[in-house]
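The values are calculated or read from the model by the stated rules, or taken from the named source; none is laboratory data. Remember, predicted model here, so these are calculated numbers, not experimental data. Every residue, glycine as well, gets a Cβ built from its backbone with ideal geometry; the counts of neighbours run over all protein chains shown.
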Amino acid sequence: MRKYVDDYEIVIEEDKKGREKKKAVYRGNYYEVDITKFNLKQFKWANIILLVIILASQIAGGFINNQGMYRFYIALPYVAAFLPLYFLIMGIFRLPNEKRKFRRDEVDLSFKRVKKASTFLLILFGMSILGEVIFLIFFANNGYQLEYLYLGAQLAGGVSAYILFNIQKLHQINVINES
């Protein structure tokens with residue numbers, strides 16, 4: 001990625017047969033995540049479990065044929081939530097299994113991506129829940145069961161997104177090597 005190109009330097013090395021080979025060598029800053037190895041595994045599994053809950057509630061909310069989903073202020077946050085959900089999936093599965101010194105791209109594409117995606121998910125779930133409550137108060141005339149079912153699915157996803165947002169505060173990322 002172009003964003004990280006300045007962190008690498010191209011070095012020309014000779015192999016055993018005397019041919020020149022280009023090799024990328026990392027010259028940027030290294031980062032340390034302030035979390036123990038055991039807690040890193042727990043952290044990753046907690047993220048995966050919350051991701052599954054959020055995915056299940058988001059997909060279940062789409063299968064409910066409620067009248068509120070025909071309103072843009074409910075449907076738009078619902079649909080927009082799939083983009084940060086995609087980045088959350090990509091970030092969670094890039095989380096490392098062991099504690100070591102990390103490169104900038106590793107930290108940005110895992111820990112920081114999960115943090116940003118969980119923030120946006122929390123905002124979008126909040127907007128969707130608020131829109132559904134407004135619809136229930138002012139515009140719903142019948143079929144409350146489906147509206148409450150959708151609201152319950154969004155609340156489950158919203159609470160899970162809130163917990164995910166809060167556990168991202170459990171670690172600090174520090175620069176440990178200036179180049």
Candidate set: the stretch 57-76, residues that are hydroxyl-bearing (Ser, Thr, Tyr) and touching a residue at least 12 places away in the same chain (Cβ under 8 Å); chosen: the one surrounded by the most Cβ atoms within 10 Å (Cβ to Cβ): SER57
Tally of residues being in contact (Cβ under 8 Å) with a residue 40 or more places away in the chain, in contact with a helix residue (DSSP H, G or I) (Cβ under 7 Å, 6 or more places away or on another chain), closer than 26 Å to ARG27 by Cα and of a type outside the set (D, E, K, R) across the stretch 98-130: 1
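Looking only at residues that are over 27 Å from GLY28 (Cα atoms) and in contact (Cβ under 8 Å) with a residue 40 or more places away in the chain in the stretch 77-97, which one is nearest to the chain's Cα centre (by Cα)?
Taking the stretch 77-97 and keeping what is over 27 Å from GLY28 (Cα atoms), we get 77-86.
From what's left, in contact (Cβ under 8 Å) with a residue 40 or more places away in the chain: 77-78, 80-81, 84.
Working: PRO77: 16, TYR78: 16, ALA80: 14, ALA81: 11, PRO84: 6 Å.
Of everything passing the filter in the stretch 77-97, PRO84 is nearest to the chain's Cα centre (by Cα).
Residues of the stretch 138-178 being aliphatic (A, V, I, L, M), assigned to a helix (DSSP H, G or I) and under 27 Å from the mean Cα position of the chain (by Cα), which ones?
Kept after step one, since they are aliphatic (A, V, I, L, M), are these residues of the stretch 138-178: 140, 146, 149, 151, 153, 155-156, 159, 161, 163-164, 167, 170, 173, 175-176.
So of that shortlist, the ones also assigned to a helix (DSSP H, G or I) come out as 146, 149, 151, 153, 155-156, 159, 161, 163-164, 167, 170.
Matches in the stretch 138-178: LEU149, LEU151, ALA153, LEU155, ALA156, VAL159, ALA161, ILE163, LEU164, ILE167, LEU170.
For residues that are acidic (Asp, Glu) and not in a strand (DSSP E or B), scanning just the stretch 1-31, find the one that is farthest from PHE111 (Cα to Cα). Quick ask: steps written out before the conclusion?
Within the stretch 1-31, the subset acidic (Asp, Glu) is 6-7, 9, 13-15, 20.
Now drop any that are not not in a strand (DSSP E or B), which leaves 6-7, 15.
Details: ASP6: 21, ASP7: 18, ASP15: 36 Å.
It comes out as ASP15.
Look through LEU85, LEU155, LEU170, LEU164 and report the one residue that is at pLDDT below 95 and either closer than 25 Å to TRP45 by Cβ or polar (S, T, N, Q) (or both). Walk me through it before giving the result.
On the way: LEU85 fails: at pLDDT below 95; LEU155 fails: at pLDDT below 95; LEU164 fails: at pLDDT below 95.
After ruling out the rest, the residue left standing is LEU170.
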Pair list, Cβ < 8 Å and 6+ apart or interchain, from the stretch 22-42 residues that are acidic (Asp, Glu) to residues that are assigned to a loop (DSSP other than H, G, I, E, B): GLU32/LYS101; ASP34/HIS171; ASP34/GLN172
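What residue, among those in the stretch 32-56 that are in contact with a strand residue (DSSP E or B) (Cβ under 7 Å, 6 or more places away or on another chain) and either surrounded by 14 or more Cβ atoms within 10 Å (Cβ to Cβ) or among the aromatic types (Phe, Trp, Tyr) (or both), is nearest to SER110 (Cα to Cα)? Break it down stepwise before answering.
Keep residues of the stretch 32-56 that are in contact with a strand residue (DSSP E or B) (Cβ under 7 Å, 6 or more places away or on another chain), which gives 32-34.
Narrowing further to those that are either surrounded by 14 or more Cβ atoms within 10 Å (Cβ to Cβ) or among the aromatic types (Phe, Trp, Tyr) (or both): 32-33.
Details: GLU32: 13, VAL33: 11 Å.
Going through the qualifying residues, I end up with VAL33.
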Given (1) more than 20 Å from the chain's Cα centre (by Cα); (2) closer than 26 Å to TYR162 by Cβ; (3) assigned to a loop (DSSP other than H, G, I, E, B), number of the condition GLY68 does not satisfy: (3)
